[in-house]
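Any read-out appearing in this document is the output of simple, stated calculations on the displayed coordinates, not a laboratory observation. For clarity, every value in this text was computed on a predicted model and none was experimentally measured. A quick note on method: Cβ atoms are made from the backbone with ideal geometry, for glycine too, and the neighbour counts reach across all protein chains shown.
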Amino acid sequence: MSTPEVMWPKKTREYQSHHFDSTIWNDFNFRDDDIVISTYAKSGTTWMQQIVSQILFDGQEGLPTADMSPWLDMRVPPKEMKLQDVEKQTHRRFFKTHLPVDAIVFSPKAKYLYIGRDGRDVAWSFYNHHTNASELYYQAVNDTPGRVGPPFERPKGDVVEYFRTWLEKNGHPYWPFWENVKTWWEIRTLPNVLFVHYTNLKNDMPGEMRKIAAFLDVPINEDKWPAIVEHCTFDYMKKNATATVPLNGALWVGGAETFIHKGTNGRWTNMLSEEDCRRYEQRAVEELGEDCARWLATGQYEAS
Ligand code: A3P
């Protein structure tokens, strides 16, 4: 019997906005050992970049991880600059993307790490990210030539109001939430895709990190393992935030430490009403189906 052919995802559209320029993927030269870290956003992207850098570089301190691991589809700086920079990299490359699968070019050889987090935690994290965005942030996304569509708006209201708008308007004013989770979920069983959940990383970071290293085919240097793990903890990352946060934190009031904010889930628990939660959970099942909605909320594949 012949092995069934793998159906590799195909790019079917461009996504361009105040933040995105998906066309970079059309001109990007993959290397076979590239690593792509993907999340909707505020789901542990920076954490995963730190984990990957620590695994690849044996726990080395002071690495400029944010510079080494650019957000490829962010439209600032322009793609010509970014493409030149990544072409020059000689280490194993690891990038981040916040696009849905159908807006990227997918390589059958690269490795993809997708990280999920409950949408309520994402919105809580976004509220901090957005309310502390500096003037420079708005200038970068709104005034850099090439913006497609309306400007990026400032946040309105308190965190609960913010969450309600984000849910009602599906990720507004950033980008749609559900299609990101859904399109990645649909390819979760491909041999070069690994799904990781923020909650599982919180509950057993060393265990999840070993799975990630095995997936990336990187043998663990056991002598360095305690340091590798230590450098991925919240406390270490908060203390050493500058190197890991985009542009060293220059885009946020309070700098990089504002970005590595609380590192906890469920801050919404006593703030959202039962009706808010019911509405969110119902929408999650409608958009994602039961299995994916359960995974997104808990990190578990099977009902317990
Ligand atoms: P909070 O805002 O809830 O604290 P992203 O990198 O995708 O933008 O995600 C940012 C979120 O990941 C922030 O969440 C940040 O605090 C959290 N984070 C970063 N490093 C972490 C770590 N080592 N442990 C736990 N959470 C971490």
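A few points about this structure:
- Summed residue charge, Cβ within 14 Å of Asn265's Cβ, Lys/Arg positive, Asp/Glu negative: +4
- Residues Met7, Met237, Met48 in ascending order of nearby Cβ atoms (within 10 Å, fewest first): Met7, Met237, Met48.
- Convex hull volume of the range 63-220 per residue (C-alpha atoms, cubic angstrom): 151 Å³
- Choice from Ala110, Ala140, Ala214 showing the highest fluctuation, given a GNM over the chain with Cα pairs closer than 10 Å: Ala214
- Reachable lysines from Lys109, criterion Cα separation under 26 angstrom, eight or more residues apart if same chain: Lys10, Lys11, Lys79, Lys82, Lys88, Lys96, Lys182, Lys211
- Each of Thr65, Phe152, Leu167 was placed along the dipole of the chain (beta-carbon charges, centred on the mean Cα), and the one lying farthest toward the positive end is Phe152.
- Near Leu113, the amide H atoms lying under 5 Å from its own belong to Val36, Ile37, Ser38, Leu194; only residues 5 or more places off or on other chains count, and H is placed 1.01 Å from N.
- For the range 137-232, Kirkwood radius (reciprocal of mean inverse C-alpha pair distance, Å): 17.3 Å
- Stokes-Einstein D for the chain, Kirkwood Rh over Cα pairs, 25 °C, 0.890 mPa s (µm²/s): 123 µm²/s
- Annotation: amide H of Trp252 within the under-5 Å range of Ser134, sequence separation 5 or more or interchain, hydrogens built in the peptide plane.
- Basic side chains Lys and Arg get +1 at the Cβ, acidic Asp and Glu get -1 at the Cβ, and with that the dipole of the range 24-298 about its Cα centre reaches some 160 debye.
- Proxy reagent accessibility, fewest Cβ within 10 Å first, across Phe152, Phe95, Phe30: Phe30, Phe152, Phe95
- Judged by the gyration tensor of its Cα atoms, with axes a ≥ b ≥ c, the range 166-304 is oblate; a/c meets the 1.5 cut and b/c is at least as large as a/b.
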